[in-house]
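Asks: There's a structure below that I have some questions on.
The values are calculated or read from the model by the stated rules, or taken from the named source; none is laboratory data. Everything quoted here is computed from the prediction, not taken from an experiment. A quick note on method: Cβ atoms are made from the backbone with ideal geometry, for glycine too, and the neighbour counts reach across all protein chains shown. All accessible areas refer to the heavy atoms of the entire protein, side chains included, with ligands and DNA or RNA removed. Shrake-Rupley method; radii C 1.70, N 1.55, O 1.52, S 1.80 Å.
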Amino acid sequence: MVERKILLNPGPATTTDTVKMAQVVPDICPREAEFGQVMRELGEGLLHIVHAAPEKYSCVLFCGSGTLVIEACVTSLVPAGKKMLFINNGSYTSRAVEIAEACGVPYLELRLPIDEPADIGRVKQALESDKDIAVVYITHQETGTGLLNPIREIGRIAHAHGAWMVADTISTLAMRPIDIERDNLDFCMSSAQKGIQAMTGLSFLIGRTDCIKASQVFPCHSYYSNIYLQYDSFERSGQMRFTPPVQVIYAARQALKEYFAEGENDKWRRHQKTMAAIHAGLSELGFHEVLPHDYQAGLVAAVLYPDDPNWDFAQVHDYCYVRGFTIYPGKMQQLGTFRICALGAITTRDIRDFFVIFREALANISVTVPVKYE
Ligand SMILES: *Cc1c(COP(=O)(O)O)cnc(C)c1O
């Protein structure tokens, strides 16, 4: 048994012991056919999570954190003379824009308020204003705020304009149910340390195979993370182009077994209950969240710092941390916020235990409860 830690940060998430232990395997060279088969099965499982038909969609694995698959999509999917439209209402799409800037990918950025779901009318306008947009990009849940974006509606508009639709679903996939085709996505992505409750170091995207094949002739803005090259290499050899994260892949295989045993709907229900317990605990202590609950994806609560002279996030964090609970700083310019998240192999019971410690942490630095806002 490994000591259990409750991670309330937005990934890496708390994992089960069986997933941790699945990494302890005999040494194997990843160029062996046996390992290729492990990756193939993993890819099939990941397709299944988003209900992607294997005749139509492919899963492409990469060794790296989630940002690498954002980079893969941004640098691989824009045809010559065309651009990507970023619908930006949060820090994760800002990151994708920075990637486009750094790698010289032509783009247009539609900046929208960060505290409300992307406005469909503005997306329509942006698409109509520029005939060179070939790909629309959005983040499903902006993890900095917990904001949920209407991917299905935006995907419909993108398709009506003949554009491909790419969504960063890194902080929703395998938690909030996604159906790639019904949700009008051509590409979505995630990372093993988030929804599937596995280890860091493996990321993946799921995309339309015909689009991946078409992208072979597109300008290649990155070498390591090019989608077509990674796809083609695996198709021909059953191997990742470069060294895969071997042990992490065994853990991911175990995590998928546990995902399918729990089931899509039951898992989502568990996350929802966990988040309901977080909302209740915060509200009982008088904390205000940044967004109304109905704007949230149901996985991240962004909480405003209270107006108490004794409030000190670092001290609260440290008090909780040494007692096995990790909370996370916010990611909103200007506003003082912190985050409590419902990812990972945790339940409402863990949240109840957390709030006992959290309340103690507040008392320890003499923050008045219920907390006050001016
Ligand atoms: C976690 C996350 C990422 C990836 O972050 P990495 O640190 O590179 O793994 C990307 N997008 C969203 C929305 C995320 O929540």
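Asks: Does at least one position in region 90-98 carry a residue that is among the polar types (S, T, N, Q), within 24 Å of Ala301 (Cα to Cα), outside the structural domain of Pro245 (by TED's automatic domain parsing) and open to solvent by less than 10 Å² (accessible area, probe 1.4 Å)?
Replies: no
Asks: Quick one: in region 306-341, of everything that is open to solvent by 70 Å² or more (accessible area, probe 1.4 Å) and of a type in the set (A, V, I, L, M), which residue is nearest to Glu360 (Cα to Cα)?
Replies: Here the answer is Val322.
Asks: Kindly indicate which of Thr93, Thr145 is within 11 Å of the ligand (Cβ to nearest atom), more than 19 Å from Leu68 (Cα to Cα) and touching a strand residue (DSSP E or B) at 6+ places or on another chain (Cβ under 9 Å).
Replies: Thr145
Asks: Which condition breaks for Leu7 when tested against (1) within 16 Å of the ligand (Cβ to nearest atom); (2) open to solvent by less than 20 Å² (accessible area, probe 1.4 Å); (3) aliphatic (A, V, I, L, M)?
Replies: (2)
Asks: Then there is this: Is it true that Ala53 is within 16 Å of the ligand (Cβ to nearest atom) and within 20 Å of Thr209 (Cα to Cα)?
Replies: So Ala53 does not fit the description; no.
Asks: I'd like the full set of residues that are in a helix (DSSP H, G or I) and open to solvent by less than 40 Å² (accessible area, probe 1.4 Å), limited to region 232-249. Walk me through how you get there before you give the answer.
Replies: Narrowing region 232-249 to residues in a helix (DSSP H, G or I): 232-237, 246-249.
Matches in region 232-249: Asp232, Ser233, Phe234, Val246, Val248, Ile249.
Asks: Right, another one. Name the residue, out of Tyr250, Tyr259, Tyr228, Tyr224, that is within 30 Å of Lys82 (Cβ to Cβ) and away from the ligand (no atom under 15 Å from the Cβ).
Replies: Only one candidate qualifies: Tyr228.
Asks: Considering only residues that are open to solvent by 10 Å² or more (accessible area, probe 1.4 Å) and either in contact with a Lys or Arg (Cβ under 9 Å, 6 or more places away or on another chain) or of a type in the set (Lys, Arg) (or both), look in region 198-213 and name the one that is nearest to Val166 (Cα to Cα).
Replies: Arg208
Asks: If Glu55 satisfies every condition in (1) assigned to a loop (DSSP other than H, G, I, E, B); (2) acidic (Asp, Glu); (3) within 23 Å of Ala297 (Cβ to Cβ) but one, which is the exception?
Replies: (3)
Asks: Residue pairs, Cβ under 7 Å, 6 or more apart or interchain, first in region 306-326 and farther than 15 Å from Leu8 by Cα and in the same structural domain as Glu360 (by TED's automatic domain parsing), second at pLDDT 95 or above and aromatic (Phe, Trp, Tyr). List them.
Replies: Within 7 Å, the pairs are Pro306/Phe287; Pro306/Tyr373; Asp307/Tyr373; Trp311/Tyr305.
Asks: Looking at region 136-152, I want the residues that are in the same structural domain as Gly330 (by TED's automatic domain parsing) and have a partner that is more than 10 Å from the ligand (Cβ to nearest atom) and open to solvent by less than 10 Å² (accessible area, probe 1.4 Å) with Cβ atoms under 7 Å, at least 6 apart or on another chain. Which pairs are those?
Replies: Between residues of region 136-152 that are in the same structural domain as Gly330 (by TED's automatic domain parsing) and residues that are more than 10 Å from the ligand (Cβ to nearest atom) and open to solvent by less than 10 Å² (accessible area, probe 1.4 Å), there is no close pair.
Asks: Within region 250-297, count every residue that is aliphatic (A, V, I, L, M), part of a helix (DSSP H, G or I) and farther than 25 Å from Asp17 by Cβ.
Replies: Qualifying residue count, region 250-297: 3.
Asks: Could I ask something else about it? Can you name every residue in region 346-364 that is touching a residue at least 12 places away in the same chain (Cβ under 8 Å) and open to solvent by 20 Å² or more (accessible area, probe 1.4 Å)?
Replies: Once the filter is applied, which keeps residues that are touching a residue at least 12 places away in the same chain (Cβ under 8 Å) and open to solvent by 20 Å² or more (accessible area, probe 1.4 Å), region 346-364 yields Thr347, Thr348, Arg352, Asp353, Phe355, Ile357, Arg359, Glu360, Asn364.
Asks: State whether the residues of region 24-33 include one that is within 16 Å of the ligand (Cβ to nearest atom) and either in a helix (DSSP H, G or I) or open to solvent by less than 10 Å² (accessible area, probe 1.4 Å) (or both).
Replies: Within region 24-33, none of the residues are within 16 Å of the ligand (Cβ to nearest atom) and either in a helix (DSSP H, G or I) or open to solvent by less than 10 Å² (accessible area, probe 1.4 Å) (or both).
Asks: Mind listing just one residue for me: the one in region 290-305 that is without any contact (Cβ under 8 Å) to a residue 60 or more places away in the chain and surrounded by 15 or more Cβ atoms within 10 Å (Cβ to Cβ) and, of those, farthest from Ile340 (Cα to Cα)?
Replies: Looking at the filtered set, the residue picked out is Tyr305.
Asks: How many residues does region 125-156 hold that are farther than 24 Å from Glu289 by Cα, within 23 Å of the chain's Cα centre (by Cα) and open to solvent by 10 Å² or more (accessible area, probe 1.4 Å)?
Replies: Count: 3.
Asks: Which residue pairs have Cβ atoms under 6 Å apart, sit 6 or more places apart or on different chains, and have a first residue in region 68-85 that is at positive phi and a second that is within 12 Å of the ligand (Cβ to nearest atom)?
Replies: none
Asks: Does Asp168 meet the test of being charged (D, E, K, R) and buried (at least 19 other Cβ atoms within 10 Å of the Cβ)?
Replies: The answer is yes for Asp168.
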